[in-house]
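Peer 1: Right, I'll just put the structure down here and ask away after.
The values are calculated or read from the model by the stated rules, or taken from the named source; none is laboratory data. Here the structure is a predicted model, which means the values were calculated and not measured. Note that we place each Cβ from the backbone using ideal geometry, even for glycine, and neighbour counts take in every protein chain shown. Calculation scope for accessible area: heavy atoms of the full protein, side chains included, ligands and nucleic acids excluded. Shrake-Rupley method; radii C 1.70, N 1.55, O 1.52, S 1.80 Å.
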Amino acid sequence: MFTWLGIGLAFAVALALTPLAIKLARKLNVVDIPDHRKVHSAPTPRMGGLAIYMGFVLGALALGLYTRQVAALLIAGSMVFGIGLLDDIRNISPKLKLLGQVLASLVLVQAGFCVRFITNPFDGSIIALGVFAVPITVLWLTGISNAVNLIDGLDGLSSGVAAIAAV
């Protein structure tokens, strides 16, 4: 029950703040300008991550679980949000974005988030990753961050896919 309160709060905050994030992006002229590679025909606000981030932070804090792992999620999430916001405003280099994502992944690994084994899809056996656990975890987390970023070309697509994946 308590978890649903945090999830509900995160959803409500993100929903309520999305129009405000759009207004702020337009006011600050943080918009994506259409060109031959874009599907939109008008300047599109680029700060939608602000509403999602605030929902995530307030939802996580509402749960009242102040553990090392929650702190790591908040720190890593803040790092990824900061990189994304900086990219929305200044268009930073892919190398800098990748570095930030790897560092955020390492924060999570340091707090104990690690893929230590995988299941063989053919026979259901467990495959221990051993010394490859940390590199595979960092690769997985960085890869997912980039996958979500790559599908961010249409309004709501990345947030919709992320919501479906989370459910």
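Peer 1: Can you give the helix-only mean residue ellipticity at 222 nm for the chain, where every DSSP H stretch with n ≥ 4 adds -39500 (n - 2.57) and the sum goes over all residues, rounded to the nearest 500 deg cm²/dmol?
Peer 2: Helix contribution divided over all residues of the chain: -22000 deg cm²/dmol.
Peer 1: With an 8 Å Cα cut-off and a minimum separation of 6 or more residues, compute the relative contact order for region 1-131 in percent.
Peer 2: That works out to 22 percent.
Peer 1: Heavy atoms of the protein only, probe of 1.4 Å, neighbouring chains included. What is the accessible area of Tyr53 in Å², nearest 10?
Peer 2: 40 Å²
Peer 1: Tell me, what is the FRET efficiency for Asn120 and Asn146 to the nearest 0.05, using R0 = 30 angstrom and their Cβ-Cβ distance as r?
Peer 2: The pair Asn120/Asn146 has a calculated efficiency of 0.70.
Peer 1: Where is the GNM fluctuation largest for the chain (alpha-carbon springs, 10 angstrom cutoff): Arg37, Arg90, Arg46?
Peer 2: Arg37
Peer 1: Protein chains only, probe 1.4 Å: how do Asp87, Asp35 rank by accessible area, largest first?
Peer 2: Result, largest first: Asp35, Asp87.
Peer 1: Highest GNM mean-square fluctuation, the chain, Cα pairs closer than 10 Å: which of Asn146, Asn91, Asn120?
Peer 2: Asn120
Peer 1: So what does Ser145 come to for accessible area, using a 1.4 Å probe and Å² rounded to 10?
Peer 2: 40 Å²
Peer 1: Working with all protein chains in place, sort Thr18, Thr137 by solvent-accessible area computed with a 1.4 Å probe, largest first.
Peer 2: Thr18, Thr137
Peer 1: Still on this structure, I have one more. Give me the accessible area per residue for region 40-167, probe 1.4 Å, as a whole number in Å².
Peer 2: 63 Å²
Peer 1: Computed on alpha carbon atoms, what radius of gyration and Dmax characterise the chain, expressed in Å?
Peer 2: Rg and Dmax of the chain, Cα atoms, are 17.6, 56 Å.
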